[in-house]
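The values are calculated or read from the model by the stated rules, or taken from the named source; none is laboratory data. Fair warning: this is a prediction, and the values are worked out from it, not measured in the lab. Neighbour counts run over all protein chains shown; Cβ positions are idealised from the backbone, glycine included.
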Amino acid sequence: MRIEGKAIKYGDNINTDEIIPARFLNTSDPKELAKHCMEGIDKNFLDKLKWAKILVAGKNFGCGSSREHAPIALKEAGVACIIASSFARIFFRNAINIGLPIVESERCVERIEEGDMLRIETKQGKIENLTKGETYSITPFPPFLQALMDKGGLGEYIKERIMDTAHFNG
């Protein structure tokens, strides 16, 4: 999977209440959630997504409550990938389940600045900072996670597997 775009950068400990404030959790509609994405930390976030689509953050991104709404809001708002020094475990899993590519790399976070143009190759395990002419190694997605990302998340992956099994059995 190849992802290209400019970076938006934030710091450490961005929690799920900052990603999608609790007052908006009375809906599970992704489009409605996206309208309020990152409102708790950056009122201009949606405007920034007009020129950038890769979110770069520090340590413990997605900490706080275990709500799925946070990665759903980010994906629906137009975030194509998140690079962070580390993720809260439940956020990490929720992002994978909905097909939002996420990458852990402290080195990338240290080197990438807001506005840098990036190219991410998840199968090859590399990020190119086209603005700085640098390349960073990352752990490639294992084949199963790559398949989930390619299908858009766990739900679509399972649907395809069920259809494949149905066709195989008759």
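Within the set of pairs 6+ apart or on separate chains, which have a first residue in region 159-170 that is among the aromatic types (Phe, Trp, Tyr), a second that is at pLDDT 75 or above and not in a helix (DSSP H, G or I), and C-beta atoms under 6 Å apart? Once the first residue is among the aromatic types (Phe, Trp, Tyr) and sits in region 159-170, no partner that is at pLDDT 75 or above and not in a helix (DSSP H, G or I) comes close enough. For the residues 55, 46, the requirement of being touching a residue at least 40 places away in the same chain (Cβ under 8 Å) and out of contact with any Lys or Arg (no Cβ under 6 Å at 6 or more places or on another chain) singles out 55. Considering only residues of region 10-45 that are touching a strand residue (DSSP E or B) at 6+ places or on another chain (Cβ under 9 Å) and among the hydroxyl-bearing types (Ser, Thr, Tyr), which is surrounded by the fewest Cβ atoms within 10 Å (Cβ to Cβ)? The residue in question is 10. What are the residues in region 13-43 that are of a type outside the set (A, V, I, L, M) and closer than 22 Å to residue 60 by Cα, if any? Across region 13-43, the qualifying residues are 13, 15, 16, 17, 18, 21, 36, 37, 39, 40, 42, 43.
For region 73-107, enumerate the residues that are over 20 Å from residue 51 (Cβ atoms), more than 9 Å from the chain's Cα centre (by Cα) and among the aliphatic types (A, V, I, L, M). Residues satisfying the conditions are 84, 88, 90, 98.
Filtered by the rule that a residue be closer than 18 Å to residue 13 by Cβ and among the hydrophobic types (A, V, I, L, M, F, W, C), region 37-62 gives 37, 38, 41, 45, 55, 56, 57, 61. Whenever a residue of region 116-132 is without any contact (Cβ under 8 Å) to a residue 24 or more places away in the chain and of a type in the set (D, E, K, R), its partners that are surrounded by fewer than 18 Cβ atoms within 10 Å (Cβ to Cβ) and not in a strand (DSSP E or B), lying with C-beta atoms within less than 9 angstrom and at least six residues away or across chains, give the pairs 126/140; 132/111; 132/113. Selection over region 21-37 of residues that are outside any loop (DSSP other than H, G, I, E, B) and not small (Gly, Ala, Ser) gives a count of 6.
Rundown of residues vs (1) within 24 Å of residue 50 (Cα to Cα); (2) modelled with pLDDT of 95 or more; (3) loosely packed, with under 13 Cβ neighbours inside 10 Å, yes/no style:
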site	(1), (2), (3)
109	yes, yes, no
116	yes, yes, no
119	yes, yes, no
123	no, no, no
129	yes, yes, no
134	no, yes, no
139	no, no, yes
147	no, no, no
154	no, no, no
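Looking only at region 58-76, filter to residues that are of a type in the set (Gly, Ala, Ser) and surrounded by fewer than 22 Cβ atoms within 10 Å (Cβ to Cβ); which one of those is nearest to residue 109 (Cα to Cα)? Across region 58-76, the extreme among qualifying residues is 58. Does any residue of region 71-90 turn out to be without any contact (Cβ under 8 Å) to a residue 24 or more places away in the chain, under 25 Å from residue 154 (Cβ atoms) and among the charged types (D, E, K, R)? Within region 71-90, one or more residues are without any contact (Cβ under 8 Å) to a residue 24 or more places away in the chain, under 25 Å from residue 154 (Cβ atoms) and among the charged types (D, E, K, R).
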